[in-house]
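Each remark here refers to the structure printed beneath this line.
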Amino acid sequence: MQERYHTSLVILRELVKTDFQLRYQGSFLGIAWSVLKPLMLFVVMYVVFVRFLKFTDGTPTFPLVLLLGISLWNFYAEATTMGLVSIVNRGDVLRKVHFPNYIIVVAATVGSLISLAINMGVVIVFCIFSGLVHFTWRVLLLPFNFIEFYALALGSALLLSALNVYFRDIQHIWEVLLQIFFYATPIIYPLSMIIQRLGPVDGAIVTKMLLLSPPAQIIQDIRHNLIAPDTTQTVWTDVNHLWVQLIPIAITVVLLVLGIHLFRKYSQKFAEVL
């Protein structure tokens, strides 16, 4: 048993290393793109939505909040997209080498997790040198936020990768759904803007509905705990009922369990189907 886990760990390490190297193979800047991509996207979003369309909560920390949100969303989008196609792309390996299939999906998501760690380092540097962020005890809650975020990404990736083996349309459907989820998550706009546009009653209802989405709940929690605890709305500040507050966490747990169950159920036939 111990030898089996050791072998799985070695395979996982090699797959992560290979995937991460292939991701930037042939590019002049190499791994620097993992930092430059979200920074370039941040500049575009900031100019278009903050400067021209005035999507801002009026606080000096909003640019940092925007950068953090973009970095976090890039992780979720990349982890689920790479995880979705990982089994299909590694079909030749599955037919030649016998090892637990889930390692392929885990390797794809861990690669995205490494990119997130690099981006978080950049965000923290900006927070420190801006002089606008005063870190509080809430930073101690960040590990729990990131564990939940990875659980959400892994559960989504396992479920999507299993479905994609049998239904290749999943790739295109997920691409569209990611765009919908992106605009339904308060990344480029603050939740306070919804209340300003829709009024205090309707705006409060829409805000609470958005916060019940696991990506929105996690991203807002990380923003709250790292950068702006006084101005960032979360499910814990805007929803009064405990059981309702726990809905996004429950969805994440159910998604992870469902992803593991379906993946294990159908993984034995992956090599035959591919």
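Of the lysine pairs in the chain, how many meet both conditions: Cα atoms under 28 Å apart, and a spacing of 8 or more in sequence or different chains?
Lysine pairs satisfying the spacing and distance rule in the chain number 8.
Per DSSP helix of 4 or more residues, -39500 (n - 2.57); summed, then divided by the residues of the chain. What does that give at 222 nm, rounded to the nearest 500?
Numbers: 14 runs with 203 residues, N = 274.
Roughly -24000 deg cm²/dmol at 222 nm, from the helical runs in the chain.
Going from most exposed to least, what order do GLU175, GLU14 have by accessible area with a 1.4 Å probe?
Heavy-atom accessible area, descending, gives GLU175, GLU14.
Lys/Arg Cβ at +1, Asp/Glu Cβ at -1, dipole of the chain taken about the Cα centre: which of PHE75, VAL125, LEU246 is farthest positive-ward?
PHE75
Calculate how steeply helix 33-45 sits against the longest principal axis of the alpha-carbon atoms of the chain, using the helix alpha-carbon long axis, and give the answer as 0 to 90 degrees to the nearest 10.
Around 30 degrees separate the two axes.
Which whole-number percent is the relative contact order of the stretch 115-274 (Cα, under 8 Å, 6+ apart)?
RCO, the stretch 115-274: 36 percent.
Could you give the distance between the Cα centres of the stretch 202-252 and the stretch 162-187, to the whole Å?
For the stretch 202-252 versus the stretch 162-187, the Cα centre distance is 22 Å.
Classify the stretch 76-215: rounded, prolate or oblate, from the alpha-carbon gyration tensor (a ≥ b ≥ c, eigenvalue square roots; a/c under 1.5 rounded; otherwise prolate if a/b is larger than b/c)?
Details: a/c = 2.82, a/b = 1.52, b/c = 1.85.
Oblate shape, in that a/c is at least 1.5 and b/c is the bigger or equal ratio.
Whenever you get a sec, line up ASP19, ASP221 from highest to lowest accessible area (probe 1.4 Å, protein heavy atoms). Walk me through the numbers on the way to the answer.
Details: ASP19 35, ASP221 10 Å².
Accessible-area ranking of ASP19, ASP221, largest first: ASP19, ASP221.
Suppose every Lys and Arg Cβ carries +1 and every Asp and Glu Cβ carries -1, with no other charges. What dipole size does the chain come out with about its Cα centre, to the nearest 20 debye?
Its charge dipole is roughly 420 debye.
Could you give the angle, 0 to 90 degrees to the nearest 10, between helix 142-166's Cα long axis and the longest principal axis of the Cα atoms of the chain?
50
Give me a comma-separated list of calculated 3J(HN,Hα) values for the stretch 200-217, in order, Karplus coefficients 6.51, -1.76, 1.60 applied at θ = phi - 60°, integers in Hz, x for any Gly or Pro.
Residue by residue, the stretch 200-217 yields x, 7, 5, x, 5, 5, 5, 4, 5, 5, 5, 6, 7, 6, x, x, 5, 4 Hz.
Report, to the nearest 10°, how far helix 170-184 tilts away from the longest principal axis of the Cα atoms in the chain, using its own Cα long axis and a range of 0 to 90°.
For helix 170-184, the angle is close to 20 degrees.
Could you please put ARG223, ARG197, ARG168 in sequence from largest to smallest accessible area, using a 1.4 Å probe? Can you show the working numbers first?
Numbers: ARG223 5, ARG197 155, ARG168 105 Å².
Largest accessible area first, the list is ARG197, ARG168, ARG223.
The values are calculated or read from the model by the stated rules, or taken from the named source; none is laboratory data. Values in this document were obtained by computation on a predicted structure and should not be read as measured data. Cβ sites come from the backbone with ideal geometry, for glycine too, and all protein chains shown count toward neighbours. Protein only, heavy atoms only, side chains kept; ligands, DNA and RNA dropped before computing areas. Shrake-Rupley method; radii C 1.70, N 1.55, O 1.52, S 1.80 Å.
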